[in-house]
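The values are calculated or read from the model by the stated rules, or taken from the named source; none is laboratory data. None of these values were measured; they are calculated from a predicted model. Note: ideal-geometry Cβ built from the backbone for every residue, glycine included; neighbour counts use all protein chains shown.
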Amino acid sequence: MNEEENINPLNQRIFRQPPIIRFNQNTPATQETEEETIEPIHEPSLEIVGTAHISDKSIDKVRETIYEKKPEIVAIELDLGRYQGLLDEERGIKREQKFDLKQLLKSSNLTVTIVSLILSHAQKQMGEEVGVKPGSEMLEAAHIAQEVNADLALIDRNIQITLKRTINGMSFREKLSFVWELITSYFLGDDEDEEAFKEEVEQLKQDDTIKEVMNYFKEASPGGYNALVHERDAYMAYNLKSLEDKNVVAVVGAGHKNGILTYLDQPGTIPPIESIDQVKESRFSIIQIILYSIPVLFIVVFGLAFINGINIQGGIINYLIFAGGGALIGSLLSGSKIQSAIVAMLVAPVTVIHPLLAAGWFSGIVEGKLRHVGFKDLEELSNFESFSDLWHNKLFRVILVVLGTNIGCTIGFLITLNNVFLPYLQAIF
């Protein structure tokens, strides 16, 4: 337990409150506005509204419930960053943000960014089919909260922490399955009429359908389900528990409602907030052990070969050719400029035996500078209708170069293993 969450002298657990926005209610009142002023009902209560994020009926339900309950606090399934993003989009505000390509290309950040953009694109596509922007019911809840003089509580976990914990929690098989599902759903998705799709969206709010979908998700990806659903149920239940002395209307995705209620019925099962609100440094995995073993293997094999009187000059030259050539070809095949491919070829022999470096990072940075990639390219990456749109996005081209270089470099190293290391081992032993 930390200082913000502890046990008081009566042995009762203290729950700290989530970020709360208090709207400006000091507008000079006229007789007309005084008559229209809505006063919140100050009686402890909790009403949870389960929604579908792209449903116009959900928007209506949210509006009706808040007007009826007149809460002191409206709690919504957003964090501060997503709430601000939705407000900016609604108001047509584009904020200048620093774009750090080097930071983005680090493997964990790149993975989170790609997953976030793919999910954002999928939601936008579905929203366009039914004519409702994703998150509209959350914005409506915020607007009505202001109308009824209620405060706004942001009860969801930071999206970056959620995505990182989700990715870290998934097994390699789950990640492959996830990527495959995304690709097939985009390129092989069935076309259906708008009304039929709207009907499916509304069905997702039904208890039986929710249970079926959640069980399928849990079976398909236990690690992903735990971080994306189970932990967030606990996180939002924790925040709602801290508001139990208030009249609250909470607006959350229908898939979270039952989980939140279960935790609130048994608050002792809610985990300490710090245990689900941070990204732990990953322990050594098999892949990391293999990566750190490569430089050791490299030195040991060539060292033993030299000691045994084997001419290693040809082996080293072959290694340079295979590793550098693989990176060069991979970079060019992914559509890079020649300068990026040359950089990939030069750094590949070093990065192969360095567990913390990747040839793709270097070729990607060069490619980004040559293409003048900026924050606008990141923003536009989720707005595509076809592969042609993606191909013309400069950041997407950089990502392709990173992936292509790394794949080519890996293939080159595998060829080296077969044509250099294995013959040396046979000669030594």
Which of the residues belonging to the stretch 27-62 are part of a loop (DSSP other than H, G, I, E, B), more than 28 Å from residue 255 (Cα to Cα) and modelled with pLDDT under 70?
27, 28, 29, 30
Residue 78: outside any helix (DSSP H, G or I) and either among the aliphatic types (A, V, I, L, M) or closer than 12 Å to residue 250 by Cβ (or both), yes or no?
yes
Looking for something surrounded by 20 or more Cβ atoms within 10 Å (Cβ to Cβ), at pLDDT 95 or above, more than 24 Å from residue 103 (Cβ to Cβ) and small (Gly, Ala, Ser) - is there at least one such residue anywhere in the stretch 319-334?
yes
Select from the stretch 215-241 the residues that are modelled with pLDDT under 95 and more than 20 Å from the chain's Cα centre (by Cα) and write down the one among them that is surrounded by the fewest Cβ atoms within 10 Å (Cβ to Cβ).
219
If a residue counts only when it is of a type outside the set (Gly, Ala, Ser) and more than 23 Å from the chain's Cα centre (by Cα), which helices (runs of 4 or more DSSP H) contained entirely in the stretch 343-422 have at least 2 such residues?
359-371, 394-416
Given (1) assigned to a loop (DSSP other than H, G, I, E, B); (2) assigned by TED's automatic domain parsing to the domain that holds residue 225; (3) more than 24 Å from the chain's Cα centre (by Cα), index of the condition residue 271 fails
(3)
Out of 103, 12, which single residue is loosely packed, with under 11 Cβ neighbours inside 10 Å, outside the structural domain of residue 147 (by TED's automatic domain parsing) and either among the polar types (S, T, N, Q) or at pLDDT 85 or above (or both)?
12
All positions within the stretch 401-422 that are buried (at least 20 other Cβ atoms within 10 Å of the Cβ) and under 20 Å from residue 110 (Cα atoms)
401, 402, 404, 405, 406, 408, 409
